[in-house]
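Here's the structure, in structure tokens; my notes come after.
The values are calculated or read from the model by the stated rules, or taken from the named source; none is laboratory data. The shown structure was predicted, so the numbers you read here are calculated from the model rather than taken from an experiment. All Cβ positions, glycine included, derive from the backbone under ideal geometry; neighbour counts span all protein chains shown. When the accessible area is computed, the model is the full protein with side chains, heavy atoms only, and any ligands, DNA or RNA have been set aside. Shrake-Rupley method; radii C 1.70, N 1.55, O 1.52, S 1.80 Å.
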Amino acid sequence: SISFRTPSKCEYHVISGADTLTVTSMTKQTLRASNNWLSRFEISLTSLSALLYPNARQQVLVTLIIAPRTGQTISDDELESVCITTRKNELFPILPGGDDGSEWFYSQTKNQYLPYPTSAVSPPPTQKEPENVNFFQKDFYILSRAPTGASVRLYAQITQHTAQGPVTYNTAIDATFKSYVDLRTAEIPHFSIPDNYTFNRDLVAGNPNSDLFTWEYQLAGKNVQMPVVELLSVTGMSPMGMIQWVDRDNTVTRASHVGYAAPGEPNVNYNTAIKLGSEFSPATTVARPRRGHVTVVLQGGNNIPYHSESAINQGGPCQLRAIDTYGNEHLLNIAFK
């Protein structure tokens with residue numbers, strides 16, 4: 001086959017055998033470089049690290065910057081078209097905005113999770129743009145659930161609306177502005193017991209040598225990424241508490257009862273399937289709530305009538321699911337020792 005282009009109309013003719021195809025929809029204006037319109041068009045990494053944990057929670061901040069040339073403008077619709085793409089051969093799939101189950105996606109809002117831990121020094125402040133520059137910036141918070149070690153290369157894209165129709169520019173192929181950001185998923189760290197968790201307890205009521213006592217255990221991660229790896233939330237504890245009598249006998253009233261409170265929260269959650277009788281009053285609030293720590297409350301009483309179904313079915317262990325400050329999940333069993 002032979003292809004050629006006429007200099008006047010940018011027409012493409014493809015000759016193959018006896019058939020001739022002519023394409024006339026592309027014009028010189030469509031093919032012009034974006035520097036006729038833009039003075040700046042780039043994508044850059046704003047976070048200190050290009051690594052992120054593939055938990056679909058941790059974020060990497062990527063920034064797109066666009067500025068028009070003197071005498072040019074960028075309309076609201078054109079700004080709305082600004083997006084991030086990947087590249088597959090000559091196709092440029094747009095990165096999904098919002099979690100649709102994709103391996104890579106973005107949010108336009110920052111969440112509560114910390115970025116990937118790094119010892120890198122903060123970059124110097126960026127140079128202030130001249131006040132007369134019509135300067136636009138758009139932030140994208142990238143998240144991933146791709147397998148460990150997966151990578152992605154991201155590009156910036158914008159569509160200009162012209163009298164001849166829309167023209168799309170992408171930093172993957174733009175003749176003037178070529179830029180990209182490479183991101184990679186890091187291995188989610190392994191936490192082992194007892195080395196990588198704190199489970200310290202405080203006596204907040206009663207006497208530990210008597211039947212009446214209340215211990216509060218503070219649970220968090222440690223010595224992985226940081227000396228203390230805070231737990232930010234509890235996604236579930238099943239069951240929500242447990243109980244143990246000193247003996248399985250109908251005459252026994254001495255028992256230990258367990259509940260929990262989410263990190264920094266004052267209210268204690270309990271397993272409502274446990275029958276406690278009418279005299280025992282479980283602690284309703286945490287005496288010493290601590291940020292970044294799940295509080296497990298162990299309370300002893302001598303006025304809890306033995307209940308066989310509670311003793312048999314609600315004796316634990318309790319399976320706790322918590323999310324740490326980097327968005328990684330922890331699955332732990334809490335049991336009577």
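Pairs with C-alpha atoms separated by more than 32 Å, drawn from the list 275/337; 222/337; 88/138; 110/337; 110/178, are 110/337.
Quick one: what do you get for the range 45-120 if you divide its Cα Rg by 2.2 N^0.38 Å? Don't jump to the answer; show the numbers that get you there.
On the way: Rg = 15.2 Å, N = 76, 2.2 N^0.38 = 11.4 Å.
That ratio works out to 1.33.
Accessible surface area normalised per residue over the chain is 56 Å², counting heavy atoms of protein chains with a 1.4 Å rolling probe. The range 275-312 and the range 195-247 have their alpha-carbon centroids 13 Å apart. Selection among 75, 304, 59 by position relative to the dipole of the chain gives 75 as farthest towards the positive end (Cβ unit charges, Cα centre). Both numbers refer to the Cα atoms of the chain; Rg and Dmax are 30.4, 102 Å. Per residue, the chain reaches -1000 deg cm²/dmol at 222 nm when only DSSP H runs of four or more residues are counted, each adding -39500 (n - 2.57).
Averaged over residues, the count of other Cβ atoms within 10 Å places the peptides 47-60, 224-237 in the sequence 47-60, 224-237, highest first.
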